Amino acid sequence: MSETNRRTFLQRSGQVACAAAIGGVAVQLGRRASEHDIWTISPNHCVNIRLGVAGASNVCEECATSCVLPLSAVRAVNNHAECGRCCICPAYFDVMSPVGPDGLPTKKLCPRDAITRTPIGVFDEYDPLNNYYEYTIDEQKCNGCGRCVMECKAPAGLGSIRLEVRSDLCLRCNRCTIATNCPEDAYRRVGPEPAPPTTLEGGHA
Ligand code: SF4
Ligand code: SF4
Ligand code: SF4
């Protein structure tokens with residue numbers, strides 16, 4: 001190898017090594033930026049959770065439809081301690097459906113049949129309205145569409161069902177598509193902000 005070729009070879013090797021090192025730093029910064037922060041839903045802003053908005057026509061389903069995952073990282077969760085265990089739960093039944101011979105609505109609300117109920121205590125088979133139930137949401141079925149959340153809150157319900165971002169499922173995308181599409185700016189990042197683009201001395205970026 002001539003002296004000129006050798007110098008060119010060493011220069012190029014140095015550039016490749018430098019680029020690899022910068023790339024490595026960028027990857028580390030990216031990881032660090034998203035490792036500790038999480039996305040969360042502000043209950044005071046989400047239309048499905050906050051008080052003052054009611055009705056199926058106002059439901060926002062962006063949490064179900066905008067997530068990059070096949071089944072959204074957002075799921076509905078029922079806080080049993082706050083649940084009224086109502087016989088005619090407006091989050092379980094479609095209360096606008098025809099009433100059956102037992103006095104209960106004939107259709108369920110959840111489009112994915114993700115909510116089940118179990119009688120609590122002694123079951124009164126002669127008076128279906130005289131029973132209380134525990135309502136459980138199957139997280140394998142729920143896609144976070146928010147309908148049950150909208151119906152559970154006052155005045156019809158007690159607001160025990162919430163929408164939550166499951167941190168164990170969420171990929172923590174730096175640009176969450178739900179946050180981008182949320183009409184109420186309710187989908188928010190909590191934790192360290194992503195690192196700003198790094199500008200290195202010497203003209204490299
Ligand atoms: S996109 Fe925003 S307003 Fe819609 S359900 Fe999700 S958090 Fe609520
Ligand atoms: S959020 Fe939607 S899919 Fe999940 S339990 Fe409620 S109604 Fe069913
Ligand atoms: S950060 Fe990504 S995975 Fe998590 S909720 Fe948003 S789009 Fe879904």
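For the subset of segment 157-170 comprising residues that are within 15 Å of ligand 3 (Cβ to nearest atom) and in contact with a helix residue (DSSP H, G or I) (Cβ under 9 Å, 6 or more places away or on another chain), which member is farthest from Arg50 (Cα to Cα)?
Filtering first and then ranking leaves Val165.
Which condition does Gly144 not pass, out of (1) open to solvent by less than 20 Å² (accessible area, probe 1.4 Å); (2) farther than 20 Å from Pro111 by Cα; (3) in a loop (DSSP other than H, G, I, E, B), if it passes all the others?
(2) is the only condition that Gly144 fails.
Out of Glu164, Glu139, Glu82, I need the residue that is in contact (Cβ under 8 Å) with a residue 40 or more places away in the chain, among the charged types (D, E, K, R) and outside any loop (DSSP other than H, G, I, E, B). Which one?
Glu164
For residues that are of a type in the set (Lys, Arg) and farther than 14 Å from Leu71 by Cα, scanning just segment 128-169, find the one that is farthest from ligand 1 (Cβ to nearest atom). Walk me through how you get there before you give the answer.
Let us first name the residues in segment 128-169 that are of a type in the set (Lys, Arg), namely 141, 147, 153, 162, 166.
Imposing the further condition that a residue be farther than 14 Å from Leu71 by Cα reduces the set to 147, 153, 162.
Values: Arg147: 10, Lys153: 13, Arg162: 11 Å.
Only one residue fits best here, namely Lys153.
Go through segment 111-132 residue by residue and tally those that are open to solvent by 30 Å² or more (accessible area, probe 1.4 Å) and assigned to a loop (DSSP other than H, G, I, E, B). Let's see the steps before the verdict.
If we filter segment 111-132 for residues that are open to solvent by 30 Å² or more (accessible area, probe 1.4 Å), which is where we start, we get 111-113, 116-130, 132.
Cutting the leftovers down to assigned to a loop (DSSP other than H, G, I, E, B) gives us 111-113, 121-127.
Total satisfying the criteria: 10.
Looking at segment 35-62, I want the residues that are of a type in the set (Asp, Glu) and have a partner that is loosely packed, with under 13 Cβ neighbours inside 10 Å with Cβ atoms under 8 Å, at least 6 apart or on another chain. Which pairs are those?
If the second residue must be loosely packed, with under 13 Cβ neighbours inside 10 Å, the pairs left are Asp37/Val190; Asp37/Pro192; Asp37/Glu193; Glu62/Pro183.
Table: residues versus (1) open to solvent by less than 70 Å² (accessible area, probe 1.4 Å); (2) at pLDDT below 95.
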| residue | (1), (2) |
| --- | --- |
| Arg6 | no, yes |
| Gln28 | no, yes |
| Arg32 | no, yes |
| Asp37 | yes, yes |
| Thr65 | no, no |
| Arg75 | yes, no |
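Conditions: (1) within 16 Å of ligand 1 (Cβ to nearest atom); (2) open to solvent by 20 Å² or more (accessible area, probe 1.4 Å); (3) at pLDDT 95 or above. Lys108 meets all but one. Number of the miss?
It fails just one condition, (1).
The values are calculated or read from the model by the stated rules, or taken from the named source; none is laboratory data. From a predicted model like this one, the values you see are computed outputs, not experimental measurements. All Cβ positions, even for glycine, are placed from backbone atoms using ideal geometry, and neighbour counts span all protein chains on display. Please note that ligands, DNA and RNA were not included when accessible areas were found on the heavy atoms of the full protein model with its side chains. Shrake-Rupley method; radii C 1.70, N 1.55, O 1.52, S 1.80 Å.
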